[in-house]
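Visitor: Handing you a structure now.
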Amino acid sequence: MDVTGHTSFGGHGDPPQGPQKAASIRDVAAAAGVSYQTVSRVINGHPNVKEETRKRVDAAIQTLGFRRNATAFALASGVTRSVTVITSNTVLYGYAATLQGLEEASRAAGYALGVRVVTPEDDLDRTIAAAADTGGGVVVIGYDRIGAAALDRVPAHVPCAALVEAPAPGRTP
């Protein structure tokens, strides 16, 4: 009988013991036979890398399961790949379904997603400022008065998207 899945270790003896060390950029460089600077150029899409070298580096990345350290990238580049959702509710169906969709889309695009739940007692200006300080964008779920008030307070320089309820027919927003 052939058993596969989590109950099998693929015939390779005992399962690995302890935490596995993540592959570093230098590990990828050694596996590809290039410098770590070349690996960095490939990861960052620099145009001055020979196609053959790019393929070797990409193959080493796949083989080793290398993943760029998001914190190191943000510190080095000044680019934060994050989005903060500001909402007043996370459990009602519309809010929860929206959050799930935002999380799935963010993950697929390589962004981290944070959620800040606001209440009537919160200092919205402080909450918005803290969300904007992450360096990423803000998504406001403005299905209610608190969400709409939060949306009104997002500074113009902060990348922002909003989900709002459409007004009833004949009413102005």
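The values are calculated or read from the model by the stated rules, or taken from the named source; none is laboratory data. Here the structure is a predicted model, which is why all the values come from computation and not from measurement. Cβ atoms come from the backbone with ideal geometry, glycine included; neighbour counts cover every protein chain shown. What goes into the accessible areas is simple: the full protein's heavy atoms, side chains included, and nothing from ligands, DNA or RNA. Shrake-Rupley method; radii C 1.70, N 1.55, O 1.52, S 1.80 Å.
Visitor: Could you work out the per residue convex hull volume over the alpha carbons of the range 102-161, in cubic angstrom? Please list the in-between numbers first.
Guide: Numbers: hull volume 4.9 nm³, N = 60.
It comes to 81 Å³ per residue, whole-number rounded.
Visitor: Using a Förster radius of 35 Å, what is the FRET efficiency between SER24 and HIS157 based on their Cβ-Cβ separation? Nearest 0.05, please. The partial results should precede the final answer.
Guide: Working: r = 36 Å, r/R0 = 1.03.
With a Förster radius of 35 Å, E is 0.45.
Visitor: In square angstrom, rounded to the nearest 10, how much accessible surface does SER35 have for a 1.4 Å probe?
Guide: Solvent-accessible area, nearest 10 Å²: 50 Å².
Visitor: May I ask you to derive the FRET efficiency for ARG145 and ASN69 from their Cβ-Cβ distance with R0 = 30 Å, giving the value to the nearest 0.05?
Guide: Details: r = 41 Å, r/R0 = 1.36.
That pair, ARG145 with ASN69, gives E of 0.15.
Visitor: Can you give the alpha-carbon Rg of the range 34-173 over 2.2 N^0.38 Å, where N counts its residues? It would help to have the intermediate numbers written out before the result.
Guide: Details: Rg = 19.8 Å, N = 140, 2.2 N^0.38 = 14.4 Å.
Against the compact-globule rule of thumb, the ratio is 1.38.
Visitor: Now, a different point. Any idea of TYR111's accessible area? Nearest 10 Å², probe 1.4 Å.
Guide: Looks like 90 Å² after rounding.
Visitor: Extension gain VAL117-ALA168, at 0.36 nm per residue separation less the Cα-Cα distance, in nm? Working shown, then result.
Guide: On the way: separation 51, 0.36 × 51 = 18.36 nm, distance 2.60 nm.
Contour length minus Cα-Cα distance gives 15.8 nm.
Visitor: Here is a further query. I'd like the FRET efficiency for GLN100 and LYS50, computed as 1/(1 + (r/R0)^6) with the beta carbon distance as r and R0 of 41 Å, rounded to 0.05. The partial results should precede the final answer.
Guide: Working: r = 43 Å, r/R0 = 1.04.
Efficiency, rounded to the nearest 0.05: 0.45.
Visitor: Leaving out ligands, DNA and RNA, what percent of the accessible area of the range 19-159 is carbon and sulfur, probe 1.4 Å? Don't jump to the answer; show the numbers that get you there.
Guide: Numbers: 4680 of 8840 Å².
Using a 1.4 Å probe with all protein chains present, the range 19-159 comes out at 53 percent carbon and sulfur.
Visitor: Something else: Calculate, for the range 114-173, the solvent-accessible area per residue in square angstrom, rolling a 1.4 angstrom probe over the heavy atoms of the protein chains. Please report the intermediate quantities before stating the final value.
Guide: Working: 3890 Å² over 60 residues.
That works out to 65 Å² per residue.
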